[in-house]
Amino acid sequence: MKILITGANGFVGSHITEALAAANHQVVCSVRKTSDLSRLKDFPVSYIYGDLSDGNFLESAVKGVDAVIHCAGAVRAMNKKEYFRSNVENTKNLCKAVLKANPGLKKFVFISSQAAMGPSSADILRNVSDKEIPVSDYGISKLEAEREVKKLLGGKVRFTVLRPASVYGPGDKDIFIFFNLVHKRLRPVTVKKRFIQLVYVKDVANAAVLSLENPKTDNNTYYLAQETSYTWADVGRVISAAMDRKAVPVPLGDFIFKFAGAIAQSVSHITKKPAVLNKQKIREMLQERWTADNAAAKKDLPIEFTKLEIASKITYNWYLRNKWF
């Protein structure tokens with residue numbers, strides 16, 4: 001198939017691009033003129049340059065392709081307006097371009113986020129059919145983007161929505177902070193137990209590729225994550241074992257996270273650049289549980305999720321080879 005992928009040069013997008021190329025699909029990457037394409041340099045792909053806010057560009061980009069994987073979007077932004085412009089408006093623009101210039105598209109795959117679902121309560125796993133309760137502007141914007149996909153394409157173009165949990169793997173800069181601390185023999189843990197699920201980036205890429213020609217996934221939404229729920233202490237222990245490196249646990253109270261988020265947000269306002277941490281990101285981190293049911297993805301795609309014990313070792317070795325430490 002000839003596949004258009006947006007956000008191909010990003011962390012998740014580059015792994016999806018690699019998986020598409022490995023499956024012998026013809027890959028067209030939608031990127032900006034200013035995009036850093038270093039993540040894509042080893043893959044046999046072509047590029048089309050433009051902005052997702054430009055309707056004419058999008059109509060040209062989608063014309064003649066068999067499927068679209070929409071991975072582009074803002075993970076961090078200065079305010080709600082920026083999240084909505086990048087995540088909602090651009091998704092709406094892309095769907096409209098498909099309907100106008102390529103209504104016979106075989107599949108539209110949208111990479112959303114667990115943040116659109118919201119956290120869970122007690123020890124009950126959330127389901128994709130449950131009422132969504134996002135707790136951040138990012139999560140709200142991804143949920144609204146999902147709704148645009150369903151509203152505009154429903155009954156006209158087949159689509160699949162994928163909601164990955166916290167994604168990690170080779171090349172990720174956010175989780176690297178955690179790996180780097182363990183490398184320095186420090187293992188941060190929250191004082192209060194909080195539970196999360198994780199998903200290896202190559203599993204997300206695999207799910208996206210499997211969705212393309214699988215009729216079971218038509219017009220459905222899937223949660224992507226390894227089923228095991230971890231505390232942050234568990235994550236640290238697993239990564240420490242994968243690195244074969246003893247690390248001292250460093251208990252961190254909620255006030256430290258909140259203070260760090262406030263400082264980072266203040267600096268962000270001064271520099272005019274979105275921070276990795278902010279008050280809303282901390283609010284997400286301090287939820288008691290981010291857990292949901294991955295059974296539908298395992299059944300329909302089908303996919304087996306990589307265990308943290310295996311994927312963390314692969315990720316650590318990648319960081320070592322590429323001299324990130």
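For the reader, a short list of remarks on this structure follows.
- Subset of region 234-291 (residues that are among the acidic types (Asp, Glu) and surrounded by 15 or more Cβ atoms within 10 Å (Cβ to Cβ)): 234, 284
- Pairs, first surrounded by 14 or more Cβ atoms within 10 Å (Cβ to Cβ) in region 47-61, second of a type in the set (Asp, Glu), C-beta under 8 Å, six or more apart: 57/51
- Within the set 256, 303, the sole residue that is aliphatic (A, V, I, L, M) and more than 29 Å from residue 20 (Cβ to Cβ) turns out to be 256.
- Residues of region 186-206 that are among the aliphatic types (A, V, I, L, M), touching a strand residue (DSSP E or B) at 6+ places or on another chain (Cβ under 7 Å) and closer than 21 Å to residue 8 by Cα: 199, 201, 204.
- Breaking point among (1) hydrophobic (A, V, I, L, M, F, W, C); (2) out of contact with any strand residue (DSSP E or B) (no Cβ under 8 Å at 6 or more places or on another chain); (3) part of a helix (DSSP H, G or I), for residue 276: (3)
- Criterion (touching a strand residue (DSSP E or B) at 6+ places or on another chain (Cβ under 6 Å) and among the small types (Gly, Ala, Ser)) met by exactly one of 129, 166: 166
- Only a single item in (1) buried (at least 22 other Cβ atoms within 10 Å of the Cβ); (2) more than 19 Å from the chain's Cα centre (by Cα); (3) among the aliphatic types (A, V, I, L, M) is not met by residue 115, and it is number (2).
- Complete set of residues in region 124-147 that are in a helix (DSSP H, G or I) and of a type in the set (S, T, N, Q): 141
- Note on region 284-325: residues that are closer than 25 Å to residue 180 by Cβ and in a helix (DSSP H, G or I) amount to 16.
- Test: residue in region 108-118 that is touching a residue at least 12 places away in the same chain (Cβ under 8 Å), farther than 25 Å from residue 198 by Cβ and not aliphatic (A, V, I, L, M): yes
Coordinate-derived values only; no laboratory data. As the structure is a prediction and not an experimental result, all values here were calculated from the model. Cβ atoms come from the backbone with ideal geometry, glycine included; neighbour counts cover every protein chain shown.
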